[in-house]
1. What is the diffusion coefficient of the chain in µm²/s, taking the Kirkwood radius over Cα pairs and the Stokes-Einstein relation at 10 °C with a viscosity of 1.306 mPa s?
2. So which GluC sites (Glu not before Pro) in the range 135-186 pass both tests, a DSSP loop state and at most 13 other Cβ atoms within 10 Å of the Cβ?
3. Sorting HIS52, HIS152, HIS27 on the 10 Å Cβ count, fewest up front, what's the list?
4. Please state the shape class of the range 63-119: rounded when a/c is under 1.5, otherwise prolate if a/b exceeds b/c and oblate if not, all from the C-alpha gyration tensor.
5. With springs only between Cα atoms under 10 Å apart, run a GNM on the chain and tell me which of ILE21, ILE192, ILE149 wobbles the most.
6. Under the rule of -39500 (n - 2.57) per DSSP H run of 4 or more residues, summed and divided by the residues of the chain, what mean residue ellipticity at 222 nm is obtained, to the nearest 500 deg cm²/dmol?
7. Can you give me the distance in nm between label points at GLN167 and GLU37, each placed 7 Å from the Cα along the Cα-to-Cβ direction?
8. How big is the charge dipole of the chain about its Cα centre, in debye rounded to the nearest 20, if each Lys and Arg gets +1 on its Cβ and each Asp and Glu gets -1 on its Cβ?
Amino acid sequence: MKRVFAEWQNRVRAEYRSAAITAGVLHRSIAVGIPRELLDKGQRIVADELDHAELSHACLVALGGPDEPPMLDVAQLQPSTDEDGVLAGLVDAIVQSFCLGETFAVPLFAAMREGCSHPAVEPMITRVLRDETVHRQFGWDMLDVLLAIDEHGVRDRAAARLPRFIQGYRRAYGEPPAAPEVTATERSMGLIPAAVYKDVFHDTLESTITPWFARRGIVWEAL
Ligand SMILES: [Fe+2]
Ligand SMILES: [Fe+2]
């Protein structure tokens with residue numbers, strides 16, 4: 001059960017960090033005058049991510065894990081400094097965390113739900129999967145609004161940053177470290193086998209992420 005507990009503790013941290021990242025996106029969005037409708041969606045997403053963190057913790061406890069909240073790394077929750085200005089910082093956050101992060105999250109949670117049967121875990125994953133579809137859409141809608149503000153600047157910024165951002169997700173999902181196979185019991189509790197992470201990474205990059213950027217004139221050179 002050690003690996004199941006560690007995984008759910010990591011999920012609590014990741015969801016809480018998503019709330020902080022989205023709050024940063026919201027702050028920058030207010031600063032650059034993003035339309036109200038998207039600001040409202042951003043607020044909803046901050047609330048969703050805080051819910052996801054709580055729900056992940058509830059799963060951890062229901063599975064028999066430790067009751068106390070996992071330790072958080074405050075450095076991971078700091079807002080970035082936006083060295084190239086607030087618009088560039090917003091483009092980076094949208095591209096990295098939404099057009100990539102939330103777009104990978106949708107098929108990952110779908111894969112998680114497919115294998116999961118534990119009564120405490122399944123409803124949580126169903127709720128998260130529903131929310132992640134909204135979060136993914138927010139990211140691509142935001143990118144369109146940003147392109148309308150500064151088409152060439154945003155395109156160039158996204159294309160320049162994408163290789164490094166994609167590399168980060170490749171390390172996390174596409175090239176998982178060698179570890180014992182996920183067992184049927186672990187799978188029923190929401191863990192995903194490494195091969196599934198790998199397939200989702202490559203399929204989503206190829207069939208969703210690359211064409212959705214290309215449609216917006218954003219292409220990049222692979223590292
Ligand atoms: Fe989430
Ligand atoms: Fe999300």
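Values in this text are rule-based calculations from the coordinates and carry no lab data. Quantities reported herein were computed from a predicted structural model and do not represent experimental measurements. Counting neighbours? That spans all protein chains shown, and the Cβs are built from the backbone with ideal geometry, glycine included.
1. Stokes-Einstein gives a translational diffusion coefficient of 88 µm²/s.
2. The qualifying sites are GLU181.
3. Arranged by neighbour count, lowest to highest, HIS52, HIS152, HIS27 become HIS152, HIS27, HIS52.
4. Here the range 63-119 falls in the oblate category.
5. ILE149
6. Rounded to the nearest 500, it is -22000 deg cm²/dmol.
7. 3.8
8. Dipole size: approximately 200 debye.
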